[in-house]
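Presented below is the structure to which this report refers.
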Amino acid sequence: MAKPSPLDQPENAAHAWARYRRLMRWMAMFTLTVVVLVLGFLRWEVGPSPIHFYIATGLGIGAAMMLMAALMGLVFLSSGTGHDESVSDLEDK
């Protein structure tokens, strides 16, 4: 039988998800800054290119960074709330 998770308590869950949303907002702002800087650098270094090049580059960088932030944020949420410790290993018995 698994131990109860601290995330089962509404107060702990609300605090953890609020922290996760705050982390995602900061990462969205950071991602937007990086995308703008990279696109500016490409415009300066490469010169005029088709608009599709800049759209694809911006979407690729933005999606990759936001996916990384979402997954790492979930790892931090799981570890920081004690949820990881509530999982039991059935082979220990």
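Give me a count of the residues in the range 67-82 that are without any contact (Cβ under 8 Å) to a residue 40 or more places away in the chain, under 11 Å from the mean Cα position of the chain (by Cα) and surrounded by 15 or more Cβ atoms within 10 Å (Cβ to Cβ).
0
Working only within the range 63-87, note down all residues that are at pLDDT below 75 and of a type outside the set (S, T, N, Q).
Gly80, Gly82, His83, Asp84, Glu85, Val87
Under the condition of being closer than 17 Å to Ser79 by Cβ and among the small types (Gly, Ala, Ser), which residue from the range 3-23 is surrounded by the most Cβ atoms within 10 Å (Cβ to Cβ)?
Only one residue fits best here, namely Ala16.
Give the number of residues within the range 15-61 that are in contact with a Gly (Cβ under 6 Å, 6 or more places away or on another chain) and of a type in the set (Val, Ile, Thr).
2
I'd like the full set of residues that are surrounded by 11 or more Cβ atoms within 10 Å (Cβ to Cβ), of a type in the set (Ser, Thr, Tyr) and assigned to a helix (DSSP H, G or I), limited to the range 24-50.
Thr31
The values are calculated or read from the model by the stated rules, or taken from the named source; none is laboratory data. Note that the structure is predicted; figures quoted are calculated from it, not measured. Glycine also receives a Cβ, built like all others from the backbone with ideal geometry; neighbour counts cover every protein chain displayed.
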